[in-house]
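Only one structure is covered here, and it is reproduced in the block below.
The values are calculated or read from the model by the stated rules, or taken from the named source; none is laboratory data. Treat the numbers as computed from the prediction; the structure is a model and nothing was measured. Cβ sites come from the backbone with ideal geometry, for glycine too, and all protein chains shown count toward neighbours. Heavy atoms of the whole protein, side chains included, go into the accessibility calculation; ligands, DNA and RNA do not. Shrake-Rupley method; radii C 1.70, N 1.55, O 1.52, S 1.80 Å.
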Amino acid sequence: MASLKDVARHAGVAPSTVSKVLSGRYSVSAECAARVMAAVRELDYKPNLLGRGLRSNRSTTVLMVYSTFVPGIMMGVHSAAHELGYEVVSLYMDTVDDEYFMKYLENGLAGSVIFVNYRFDTEKLGKLSRKYPMVQCSEYVKMSSSSQVSVDNGQAMYDLTEQLILAGRRRFAFINTVAPGGHLPFFAEERERGFLRALEAHGIPYDPALSARCDAEADYEGMVQLAQRYAAMKDSERPDAILCIRDILGAAFVNTLVRAGVKVPGQVAVTGFDNTTAAELCTPQLTTVEQPFFEMGAEAMRLIVSMLNGDLAVNRRILLEHRLVFRESALQA
């Protein structure tokens with residue numbers, strides 16, 4: 001069985017450097033870290049998790065709490081955890097009022113937490129972040145006492161809207177979702193602001209009566225019912241571009257409009273957001289925004305480990321690059 005010294009010798013670095021890489025320290029260069037991780041994989045090195053936890057008097061288990069299952073993020077978190085020598089306990093919570101996950105932290109079963117699309121109460125999050133290392137991944141609550149890994153939602157929607165404007169679209173609708181209680185999640189606010197900013201920058205008039213908001217808990221049939229309102233409009237009244245905040249909403253609009261005889265994208269361009277499987281479950285397939293979910297999950301895990309090691313004295317907000325994915329529902333300019 002390979003030892004830490006074997007890995008160091010194979011990578012051409014000092015044993016202390018291997019330890020830094022495996023603990024997620026940011027002080028090691030990317031090139032050096034890549035060499036070390038290549039040696040770890042080639043030698044099939046397995047860190048002694050129990051020994052490390054006992055020596056440092058802290059848990060090497062990270063709790064991941066999620067409200068929506070995002071495979072890419074989950075894979076990224078677990079992949080980085082495996083490389084860094086940590087374990088992950090994944091826990092699904094379907095409501096922000098559920099604090100069941102706290103027992104894992106209070107009992108010492110986990111020493112830190114990653115929230116994935118979990119919009120916990122801001123005040124409670126603040127208290128939690130003062131006791132345990134915490135990172136919000138993908139969707140997040142805006143607060144200064146928390147680290148976040150996401151994309152720039154506002155800029156992503158700005159870029160998508162701008163492409164539709166350059167393609168000649170002039171009558172825009174924005175289909176957002178509202179959380180229980182009628183409020184917009186922060187990521188939804190950001191995307192809507194990016195949309196409006198793009199219209200303003202290009203001098204495109206905006207009629208808010210053309211837009212709508214869908215209940216975040218609505219099922220697919222509820223989304224179809226909303227789309228039917230647009231399908232029933234006269235051609236002269238209907239928007240020629242409909243931007244949906246989620247792919248499943250966009251797919252519902254494409255399917256409903258096409259079924260009603262409205263040409264997509266000929267009469268109406270439709271877009272989504274996230275580049276999930278739903279974007280390919282409609283005809284024509286959906287133009288959307290892709291988020292680097294795997295990288296987001298991996299970076300969230302690296303952040304947590306660096307916080308556990310005391311390498312980060314302040315919270316970090318990491319914004320990764322998004323990508324526009326053009327398909328037949330809205331062709332690129």
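Note on the chain: lysine pairs with Cα distance below 14 Å, sequence gap of 8 or more or different chains, count 5. Estimated purely from DSSP H runs of n ≥ 4, each contributing -39500 (n - 2.57), the mean residue ellipticity at 222 nm for the chain is -12500 deg cm²/dmol once divided by its residues.
With R₀ set to 41 Å, the beta-carbon distance separating Glu328 from Leu109 gives a calculated FRET efficiency near 0.25.
Considering only Tyr206, Tyr100, Tyr118, the mean-square fluctuation computed in a Gaussian network model of the chain, springs between alpha carbons under 10 angstrom, is largest for Tyr100.
A P(r) calculated from all alpha carbon pairs of the chain, with 10 Å bins opening at zero, reads 5, 24, 28, 20, 14, 7, 2, 0 percent. Annotation: peptides 258-264, 12-18, ranked by per-residue average of other Cβ atoms within 10 Å with the highest first, follow the order 12-18, 258-264.
Of all DSSP-defined beta bridges confined to the chain, some 10% are antiparallel rather than parallel. Rolling a 1.4 angstrom probe over the chain with all protein chains present gives an accessible area of which 50% lies on carbon and sulfur atoms. For the chain, the solvent-accessible area works out to 46 Å² per residue, with a probe of 1.4 Å and every protein chain left in place. With contacts taken as Cα pairs under 8 Å at a separation of at least 6 residues, the chain carries a relative contact order of 19 percent.
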